[in-house]
Amino acid sequence: MSRYRSGFTIVELLIVIVVIGILAAITIVVYNGIQQRGRDAGRKSDVAAIAKALHLYQIDNGPMYTSSGCGSGGNGNGWFNHNYSPPGNNMNTCLKIGGYLSKDIKDTAINCGVGELSCHAYMKYTCIQSTVTTTYVYANLENEGHTVTDTDGTCASSLDTDYGMNYFVKLTY
């Protein structure tokens, strides 16, 4: 008669638990990266939709920066979804009411506050560069690196350091 019972030893069980833990950790890291890339792809698509809507608006009405009543001070610049005074004049609403957007474009981030580097929101600025009117639509991508030169040469070159913007689309009229 054998003195040993059949079954696993504590060492074998610990090895199995450690291996399962390592595999779970790898899976979580990969999954988070996939989610970030997915949100960034959505942000790039949103920026392209905003740029297209602004281009169509410009064809019908001229550039949004010329007293459109939308955005910061009614000049069409600033945060895309922020309700500047008077309420309801955010660029998203203006483009939607005008028929240039079919739905609200809002970032997937929750609880965004102005000035938070972790906030992923959209901004728009128009300026005249060498007699050419240029509009930039900015976004903050999660999976892209941030440098202090990401928005250099654009209308608002400090958006990279002030708000973490690291992606933009340029429209020239």
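Structure notes:
- For LEU54, the requirement of being among the aliphatic types (A, V, I, L, M) and surrounded by 14 or more Cβ atoms within 10 Å (Cβ to Cβ) is met.
- Residue-level check: of (1) in contact (Cβ under 8 Å) with a residue 60 or more places away in the chain; (2) outside any strand (DSSP E or B), THR126 misses just (2).
- Looking only at the stretch 117-146, and only at residues there that are farther than 17 Å from ASP40 by Cα and surrounded by fewer than 19 Cβ atoms within 10 Å (Cβ to Cβ), the one that is modelled with the lowest pLDDT: GLN129
- Given (1) at pLDDT below 90; (2) closer than 17 Å to THR135 by Cα; (3) part of a helix (DSSP H, G or I), index of the condition MET64 fails: (3)
- Considering residues of the stretch 87-107 that are among the hydrophobic types (A, V, I, L, M, F, W, C) and either modelled with pLDDT of 85 or more or outside any helix (DSSP H, G or I) (or both) only, the residue surrounded by the fewest Cβ atoms within 10 Å (Cβ to Cβ): ILE97
- Note on the stretch 155-164: residues that are in contact (Cβ under 8 Å) with a residue 24 or more places away in the chain and either crowded, with 20+ Cβ neighbours inside 10 Å or among the small types (Gly, Ala, Ser) (or both) amount to 5.
- Unique match (being surrounded by fewer than 11 Cβ atoms within 10 Å (Cβ to Cβ), part of a helix (DSSP H, G or I) and at pLDDT below 90) among VAL30, VAL11: VAL30
- The number of residues in the stretch 67-86 that are at pLDDT below 75, on the phi > 0 side of the Ramachandran plot and either part of a loop (DSSP other than H, G, I, E, B) or touching a helix residue (DSSP H, G or I) at 6+ places or on another chain (Cβ under 9 Å) (or both) comes to 2.
The values are calculated or read from the model by the stated rules, or taken from the named source; none is laboratory data. Note that the coordinates shown come from a computational prediction; the quantities given were computed from them, not determined experimentally. Please note: Cβ atoms are built from the backbone with ideal geometry, for glycine as well, and neighbour counts cover all protein chains shown.
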